[in-house]
Amino acid sequence: MNSNGLLLALLSLGHFSTDFVQGALPALLPFLKERFGLSYTVAGMLLMAAHVSSSVIQPFFGYFTDRRPFSLLLPLGLLVSALGLAMIPLVTTMKWLVFFVILMGVGTASFHPEGFKTTACVVSEKRATGMSVFSFGGNLGMALGGPAAIFLASRYGLRAAIGVIIPAIVTAMLFFKAMSSIRSRVESAAKTARLETRNGNDHPYRIVFLIMMVVVLRSWTHLGLATYIPFIHQAKLSSDPGYVASLLLVFLGAGTVGTIVGGPIADRVGHRKFLFASVALTAPLIYLFLHSTGWLVFVMAALTGGTIISSFSVSIVMAQELFPNRLATASGAIAGFAIGTGGIGVTLLGAIADRFGIPTAMLLLNAFPVAGAIIALIMPLPWKSERVS
């Protein structure tokens, strides 16, 4: 493996580690709900605190690193997010619980824009494919973080969930050792001409806004399902926690497969076409998932989770191609603001669940991808991406 391949592997490992920590929080909500006597709405607000703190700040980190590269954000972001998660099982008051949830979000916010930017500098051609490798690490971490937290907390107590920070600490040390190579690659890429696009439009800001709207709805859908799967099966959580952990693993783990498969397909068929198809397919798959029984629940969980996240890297690349000289800012807008606002959707679903029950909330969740597909359909971009060097 060449040096660029090693850097891409390290970046993917870093993405895995930070999202492994972040993915633990939704799985810990039932345990925190019981300890603090939280309502569904307040539980959703905790998740919103984590995601909004990362989403609001992340574009600003991106803007900063576009103007002045700061590769140390990669290991520092990992350490800050690890510290936030490590303190969550130890606190005894809501005030400190919210504080450390937000701190975890800030760590995530500092890592992602620099990670996406560095990945774009390492990968020159077939950017959706390269970005899918980086995203694969994050989605794998998100998939394993929840089940790992449930395993540790259900068997050894809530404090044992601190163990999920170990990969982040180890990876941060690897980043410190590789810092000179990372800086050299970013500086070298900054001196070369950026790839241009022929999107046939003069309104990139409007298009990025539409992409963000699709990603927001996709995020609401994915995070909503990931958060409420434990609540939907809460009766089994106490008697058979392995069932819920396995279902979460299948749902979130399928996203890792969807990510790594989606990038190459999108490079072949066109980014916008793939974005529309993946979002449009999500709605019927969610309906079938929520109404399945027996072994079909796991089959539909895999198909639904893989389809929702398959366009993750594609949406990042679409924004980067519209703003090739602002890679971190474009990435922060999509991966940070748009994806991070998934917590708002979870809070909305929590309010609906408190008042009308979880089945009604899941019905609303099923409408999110329908709206996203309509936006992708009217987006003023060609169906086939045309890139020139």
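Beta carbons closer than 6 Å, at least 6 apart along the sequence or on distinct chains, pair a first residue in the stretch 108-119 that is free of Cβ contacts under 8 Å to residues at least 60 places away in the same chain with a second that is of a type in the set (Gly, Ala, Ser) for 110/77.
Considered as a group, the residues in the stretch 78-110 that are polar (S, T, N, Q) and part of a helix (DSSP H, G or I) include one that is farthest from residue 62 (Cα to Cα), and that residue is 81. Would it be correct to say that residue 244 is open to solvent by less than 20 Å² (accessible area, probe 1.4 Å), at pLDDT 90 or above and touching a Leu at 6+ places or on another chain (Cβ under 7 Å)? For residue 244, the condition - open to solvent by less than 20 Å² (accessible area, probe 1.4 Å), at pLDDT 90 or above and touching a Leu at 6+ places or on another chain (Cβ under 7 Å) - is not met. A single member of 344, 334, 308, 316 is open to solvent by 40 Å² or more (accessible area, probe 1.4 Å), part of a helix (DSSP H, G or I) and among the hydrophobic types (A, V, I, L, M, F, W, C), and it is 344. Of all the listed residues (329, 293), the sole one being of a type outside the set (A, V, I, L, M, F, W, C), open to solvent by 10 Å² or more (accessible area, probe 1.4 Å) and in a helix (DSSP H, G or I) is 329. Of all the listed residues (283, 254, 266), the sole one being at pLDDT 90 or above and either aromatic (Phe, Trp, Tyr) or part of a helix (DSSP H, G or I) (or both) is 283. Select from the stretch 16-48 the residues that are within 21 Å of residue 335 (Cβ to Cβ), open to solvent by 10 Å² or more (accessible area, probe 1.4 Å) and among the aliphatic types (A, V, I, L, M) and list them in ascending order. Passing the criteria: only 48. Here is a check on your reading of the model: is residue 60 in contact (Cβ under 8 Å) with a residue 24 or more places away in the chain and either open to solvent by less than 10 Å² (accessible area, probe 1.4 Å) or out of contact with any Gly (no Cβ under 8 Å at 6 or more places or on another chain) (or both)? Considered against the rule, which asks whether it is in contact (Cβ under 8 Å) with a residue 24 or more places away in the chain and either open to solvent by less than 10 Å² (accessible area, probe 1.4 Å) or out of contact with any Gly (no Cβ under 8 Å at 6 or more places or on another chain) (or both), residue 60 comes out as no.
The values are calculated or read from the model by the stated rules, or taken from the named source; none is laboratory data. Just so we're clear, the structure is a prediction, and the values are computed from it rather than from any experiment. Backbone-built Cβ (ideal geometry, glycine too); neighbour counts: all protein chains shown. In case anyone asks, the SASA skips ligands and DNA or RNA and just uses the protein heavy atoms, side chains included. Shrake-Rupley method; radii C 1.70, N 1.55, O 1.52, S 1.80 Å.
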